[in-house]
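Undergrad: Let me give you the structure first, and then I'll get to my questions.
The values are calculated or read from the model by the stated rules, or taken from the named source; none is laboratory data. Just so it is clear, the model here is predicted, and its values are computed rather than measured. For neighbour counting, all protein chains shown are included, and Cβ atoms are generated from backbone atoms with ideal geometry for every residue, glycine included.
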């Protein structure tokens, strides 16, 4: 019962929050939409096993499935299943390590409609106030088990073939230090 109430509150907030927030701005502003056309990838070398790499991919629902919000039709359900299959079958092409590392990928979890939020500044009567909008994302947690130590290895991240709406990738690399890298196109490379 409590879980149902919480789900109802979260769903209501997700539906009403963007409407209430965006309705108060001029039609030319697109506040709260900077998450569109972007993907986020977190990559972490295992703490006790430097041959293991943890990967998390987050893609806004619109870019992952072609629609915002949860599924409402059988066609949308099929699109979600097809996208899950792309992640499962092509993860080694989306996040690719050197061939000599001989990495084996294991999908831990795919969450189709995880809630994410975006904060932004709102111009209002000469002042800047903070705003926040929630939206749905596809989130995939993946582990790669490799045959060599992954420190300083090249990683190629490529959304261009299967997620054509992605035009920027935010990468967080977690190892000895935490580094953030922005790739200003649908594919690129970073070093662990």
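Undergrad: Which of the numbered conditions does residue 75 fail, given that it passes all the others? Conditions: (1) modelled with pLDDT of 95 or more; (2) more than 19 Å from the chain's Cα centre (by Cα); (3) closer than 27 Å to residue 184 by Cβ.
TA: Of the numbered conditions (1) modelled with pLDDT of 95 or more; (2) more than 19 Å from the chain's Cα centre (by Cα); (3) closer than 27 Å to residue 184 by Cβ, the odd one out for residue 75 is (3).
Undergrad: Follow-up question, since we're still on this one. Working only within the stretch 146-160, note down all residues that are in contact with a helix residue (DSSP H, G or I) (Cβ under 9 Å, 6 or more places away or on another chain), surrounded by 21 or more Cβ atoms within 10 Å (Cβ to Cβ) and either modelled with pLDDT under 95 or part of a strand (DSSP E or B) (or both).
TA: Across the stretch 146-160, the qualifying residues are 150, 157.
Undergrad: Determine if the stretch 162-174 includes at least one residue that is free of Cβ contacts under 8 Å to residues at least 60 places away in the same chain and either over 19 Å from residue 61 (Cα atoms) or touching a helix residue (DSSP H, G or I) at 6+ places or on another chain (Cβ under 9 Å) (or both). Step through it out loud before you land on a result.
TA: Step one: filter the stretch 162-174 for residues free of Cβ contacts under 8 Å to residues at least 60 places away in the same chain, giving 164.
Subsequent filtering for residues that are either over 19 Å from residue 61 (Cα atoms) or touching a helix residue (DSSP H, G or I) at 6+ places or on another chain (Cβ under 9 Å) (or both) retains 164.
Yes, the stretch 162-174 contains at least one residue that is free of Cβ contacts under 8 Å to residues at least 60 places away in the same chain and either over 19 Å from residue 61 (Cα atoms) or touching a helix residue (DSSP H, G or I) at 6+ places or on another chain (Cβ under 9 Å) (or both).
Undergrad: To continue, here is another question. Is it true that residue 185 is outside any strand (DSSP E or B) and over 18 Å from residue 65 (Cβ atoms)?
TA: Answer is yes for this residue.
Undergrad: Now a separate question. Regarding residue 110, is this residue at pLDDT 95 or above, within 17 Å of residue 45 (Cα to Cα) and in contact with a helix residue (DSSP H, G or I) (Cβ under 8 Å, 6 or more places away or on another chain)? Can you show your working first?
TA: Working: at pLDDT 95 or above: yes; within 17 Å of residue 45 (Cα to Cα): no; in contact with a helix residue (DSSP H, G or I) (Cβ under 8 Å, 6 or more places away or on another chain): yes.
No; evaluated as a whole, the condition is false for this residue.
Undergrad: If a residue counts only when it is loosely packed, with under 12 Cβ neighbours inside 10 Å, which strands (runs of 3 or more DSSP E) contained entirely in the stretch 42-145 have at least 3 such residues?
TA: Values: elements: 52-60, 104-124, 127-145.
The strands (runs of 3 or more DSSP E) meeting that bar are 104-124, 127-145.
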